[in-house]
Structures are given as structure tokens and as C-alpha cells.
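Chemist: The following block contains the structure, expressed as C-alpha cells.
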Amino acid sequence: QVQLVESGGGLVQAGGSLRLSCAASGRTFSTYAMGWFRQAPGKEREFVAAISTSNGVTYYADSVKGRFTISRDNAKNTVYLQMNSLKPEDTAVYYCAADPAFVAVRTRPRSWGQGTQVTVSS
């Protein structure tokens, strides 16, 4: 399994931007599809974005399409989530996830990070 550590969360005003990072341990990072999920207070965890292993195919939830961008740097064992035009409803704990399969990373990933808080004020 891969170990994941998120960073980059914080407080931002509506319309602002944040970039989340997720650093992964191990030498097999490039073989994992990576994803981001979020969980708002009182709500279930939901899928946000995912990226495949080597060819960089991406997939987004409709709620963030056009505003968020997922990317990865296999040389740095890191996946990023660039979040623009943030809205108060984007407030949540954001979790990084990993799975060898691109389909599974969007539904039932094997590995999770500890989460980072993103708060968007109106």
C-alpha cells in the first residue's frame, strides 16, 4: 500500500484559489491512479477528481468541472488539486486517495490520506 499525506488546505474567500498537494511514499507511485474526495460536515464523502497512471486521463465530478484541475508529477510522487473560483459549498475536508485501478480510485480506493481542511468564506 502507498502512504499519502495531504497539504495546502486553508481559509480562502469565495472566488479565490488554493492548490492541494498529496505526497505519496514508495517507489511505485506511477502505477497508482490517484484521486481526491471531500467530506463536508454532516454529509457523506464524495468524489471530486481522479487521474490515471501514465497517460494522465482525468475525470471530474460535475460540481467542480471547469474550476478544479487534477495533475500529477511522478518524479516527485505527488498529485495536485488546483482549485479556482472557490465557492462556500466547496468547504470540506479534502482527502487524497490511491488505487491501482482508475475505476476503483473513483469509487472504492484502497489507500487514503488523513485529509486537509478547506474553508471558503462568503
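The values are calculated or read from the model by the stated rules, or taken from the named source; none is laboratory data. No experiment lies behind these values; they were computed from the predicted model shown. Cβ: placed from backbone, ideal geometry, glycine included. Neighbour counts: every protein chain shown. What goes into the accessible areas is simple: the full protein's heavy atoms, side chains included, and nothing from ligands, DNA or RNA. Shrake-Rupley method; radii C 1.70, N 1.55, O 1.52, S 1.80 Å.
Chemist: Considering segment 85-105 alone, what residues qualify as being more than 21 Å from Ser25 (Cβ to Cβ), open to solvent by 60 Å² or more (accessible area, probe 1.4 Å) and not hydrophobic (A, V, I, L, M, F, W, C)?
Modeler: If the condition is that a residue be more than 21 Å from Ser25 (Cβ to Cβ), open to solvent by 60 Å² or more (accessible area, probe 1.4 Å) and not hydrophobic (A, V, I, L, M, F, W, C), then Ser85, Lys87, Glu89 are the ones that fit.
Chemist: If you take just the strands (runs of 3 or more DSSP E) that sit entirely in segment 18-82, which of them hold at least 3 residues that are of a type in the set (A, V, I, L, M, F, W, C)?
Modeler: On the way: elements: 18-24, 33-39, 46-51, 58-60, 68-73.
Counting at least 3 such residues, we get 18-24, 33-39, 46-51.
Chemist: With Gly26, Gly56, Gly66 as the choices, which residue is at pLDDT below 95 and either under 25 Å from Gln13 (Cα atoms) or over 15 Å from the mean Cα position of the chain (by Cα) (or both)? Break it down stepwise before answering.
Modeler: On the way: Gly56 fails: either under 25 Å from Gln13 (Cα atoms) or over 15 Å from the mean Cα position of the chain (by Cα) (or both); Gly66 fails: at pLDDT below 95.
Only one candidate passes the filter, namely Gly26.
Chemist: Would you pick out the residues in segment 40-57 that are buried (at least 16 other Cβ atoms within 10 Å of the Cβ) and polar (S, T, N, Q)?
Modeler: Ser52, Thr53
Chemist: Just checking, which of Gly15, Gly115 is modelled with pLDDT of 95 or more, open to solvent by 30 Å² or more (accessible area, probe 1.4 Å) and at positive phi? Show your work before the answer.
Modeler: Values: Gly115 fails: open to solvent by 30 Å² or more (accessible area, probe 1.4 Å).
That would be Gly15, the only listed residue that is modelled with pLDDT of 95 or more, open to solvent by 30 Å² or more (accessible area, probe 1.4 Å) and at positive phi.
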